[in-house]
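**Q** Attaching a single structure in structure tokens format; questions to follow.
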Protein chains: 2
Amino acid sequence: MYMEVCLLFLLGLALSQSCELSLPGCTDGGALFITKAPQVCGVRVQLEMQALWRQFDQLGTEMIVTKSGRRMFPTFQVRISGMDPSAEYVLLMDFIPVDDKRYRYAFHNSSWLVAGRADVAAPSRMHFHPDSPAPGAQWMKQTVSFDTLKLTNNLLDDNGHMILNSMHRYQPRFHVVYVDPAPNSHLNAYKNFCSFSFPETRFMAVTAYQNHRITQLKIASNPFAKGFRTTDPQDADYGSLPASLPSGDAFGRLVQRCSGKETQACGLSSHGASAAKPER
Amino acid sequence: MYMEVCLLFLLGLALSQSCELSLPGCTDGGALFITKAPQVCGVRVQLEMQALWRQFDQLGTEMIVTKSGRRMFPTFQVRISGMDPSAEYVLLMDFIPVDDKRYRYAFHNSSWLVAGRADVAAPSRMHFHPDSPAPGAQWMKQTVSFDTLKLTNNLLDDNGHMILNSMHRYQPRFHVVYVDPAPNSHLNAYKNFCSFSFPETRFMAVTAYQNHRITQLKIASNPFAKGFRTTDPQDADYGSLPASLPSGDAFGRLVQRCSGKETQACGLSSHGASAAKPER
DNA sequence: CACTTGACACCTAGGTGCGAATTT
DNA sequence: AAATTCGCACCTAGGTGTCAAGTG
């Protein structure tokens, strides 16, 4: 990892956060106040394993956090197009709180209830894809996987894992940063990146699964949990088609509409689904 | 991997090979005809697990080659110092034939015999360390390991493995290449790298072990072969001190003298042990 | 009571030499 | 006969949820 590179776009991401707060939405192909650099303005990102992500999302995805760090399942993986093949990019992820609430699970009716305001925010970290930096051609060649990313609830973690508060809800974000070789490129940092959020990847951080249906879906779909399977080893075709369509609620329709195709970066702070921003 | 970088020093390495053939030796700190770039002239490389390598070398190291590719054991690992911390380097390995001979093993007296001239040379490949390119600081931070390198006897291999002829003897080489950002840096390619050979890492490529003592030492020292151990699980302290000193032959003394300490690059084509070149 | 921790059995993924079968 | 190939049992290394125990 290149330290000098990292420092370069910390500024950029900070800008991104504040812009997200101040702007209500980002219309697809709408007028732009800030022009993005050509190296990032055409970047398109497609979430892999969408069908599986949606299955989990319908039930209310939960992700285990442990002291030593736990992988995400499903793994966050994307296919990228529209990069400048010869330009250098850094790819990274972070996690932002979906709201300012703490939750608890009501077993009697299998639903999440608000249990007060959020705890003090965990130290915010970024996870750089280990292949960073690399030329666009390399990133676009095949699926980019964040399978080495781990989630922890240890506030003092020194393994570089992503620190989250259990019983809080998070939205993964994906950032594409163009490594500008120009001198004083920091002056253009805000032009040199774009960000993507896929609403169907939101999840509740937990230390133990609460919703039994989530547990069952993890066991059915994660190869490492095969030891807990009881049913046929048949139903393992995730990743192509959703086993069931999104249900009739507004959120379901939104997800279907916005992430059914690949996603284009929009001008200021790009989202996987432009109108499907986390509720704030 | 950066293709443009690769192309840059192919020339350099080619030069290296021809120089090795034409020059009888490379005296430690002697007068130099060609001045190396400051980024590489002070680079020092120390072989890890020397004691283990020497134990194998005394018996006549054998490395398995398979169609699908086999790791080396011991693994080629080095500690590096003397790099420019902020300069970019590419690290790579290749394997050169020790001689022009084909061998066979005489079981009756446990020795290798010459069995004619070498077969047609296998396609010569280079193995780039997967972290390449990276700044000197990163390479020097910890041991650099080539544990993902695999050896194959499949002339048509398309997995990027190192292709070797079975029953032929090879010398691993290690190359440090400075990535010169200057325009027309290819004109200086021969200045921008240095190479290291450790005589104790020479080996015979085989499809099945010939010397039973080699088999036993592999079983005793490779964790993955633990299933074949019969003796105490005690004698597993390789890497610190040699269990037995090199025996009384000239080669043993040579190895001891030349690779007992860390090794400095010398001017033209640097070797781990300057006078311990493979016999040609 | 709600939540967290840690030992555990059970997996995946892949690196070993063995030994029978096959090829040259 | 010599050399190679392949399935195999046996490992390492580490990712699963479970369950009992611990914490506040």
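**Q** Cross-link list A:LYS141/A:LYS191; A:LYS36/B:LYS191; A:LYS67/B:LYS226: which exceed 29 angstrom alpha carbon to alpha carbon?
**A** Pairs exceeding 29 Å: A:LYS36/B:LYS191; A:LYS67/B:LYS226.
**Q** Work out from phi, with θ = phi - 60° and the Karplus expression 6.51 cos²θ - 1.76 cosθ + 1.60, the ³J(HN,Hα) of each residue of region A:170-187, listed in order in whole Hz, and give x for Gly and Pro.
**A** Result, rounded to whole Hz: 10, 10, x, 10, 10, 10, 10, 10, 7, 8, 7, x, 5, x, 6, 5, 4, 5.
**Q** If I stretch the segment between B:ARG104 and B:ASP158 completely, what's the gain in nm (0.36 nm per residue apart, minus their alpha carbon distance), one decimal?
**A** Using 0.36 nm per residue and subtracting the Cα-Cα distance, I get 16.6 nm.
**Q** So the label point sits 7 Å from Cα along the Cα-to-Cβ vector; using that for A:ASP99, what distances do you get to the other copies, in nanometres, sorted shortest first?
**A** 7.9
**Q** Next up: Which value does Rg/Rh take for region A:111-161 over its C-alpha atoms, Rh per Kirkwood? Intermediate results must be reported in sequence, preceding the final value.
**A** Values: Rg = 16.4 Å, Rh = 14.4 Å.
Result: Rg/Rh = 1.14.
**Q** Based on the Cα coordinates of region A:34-213, what is the per residue volume of their convex hull in Å³?
**A** Values: hull volume 23.5 nm³, N = 180.
Per-residue hull volume (Cα only) is 131 Å³.
**Q** How many partner chain Cβ atoms sit within 10 Å of a residue's Cβ in peptide B:146-154, on average, as a whole number?
**A** 0
**Q** Now, a different point. Consider a paramagnetic label point 7 Å from the Cα of B:SER145 along Cα→Cβ; state which residues of region B:67-83 have an amide N under 11 Å from it.
**A** B:75-78
**Q** Tell me, what is the FRET efficiency for A:ARG213 and B:VAL120 to the nearest 0.05, using R0 = 56 angstrom and their Cβ-Cβ distance as r?
**A** E between A:ARG213 and B:VAL120, to the nearest 0.05, is 0.35.
**Q** Using only the alpha carbons of region A:142-186, what is the convex hull's orientation-averaged projected area in square nanometres?
**A** 5.6
**Q** So the label point sits 7 Å from Cα along the Cα-to-Cβ vector; using that for B:GLU48, what distances do you get to the other copies, in nanometres, sorted shortest first?
**A** Distances between equivalent label points, in nm: 2.9.
**Q** Quick check: Cα centre of region A:80-158 to Cα centre of region B:151-220, how many Å?
**A** Answer, in whole Å: 39.
**Q** Hey, for A:ALA137 with labels 7 Å out along Cα-Cβ, what do the inter-copy distances come to in nm, ordered shortest first?
**A** Distances to the matching label points in the other copies: 2.9 nm.
**Q** Using every Cα-Cα pair within region A:112-223, state what percent have a distance larger than 17 Å.
**A** 69
Every number here is computed from the coordinates shown, using simple stated rules; none is lab data. Please read all numbers here as calculations on a predicted model, not as lab measurements. Cβ coordinates were reconstructed from backbone atoms using ideal geometry, including for glycine residues, and neighbour counts include every protein chain displayed.
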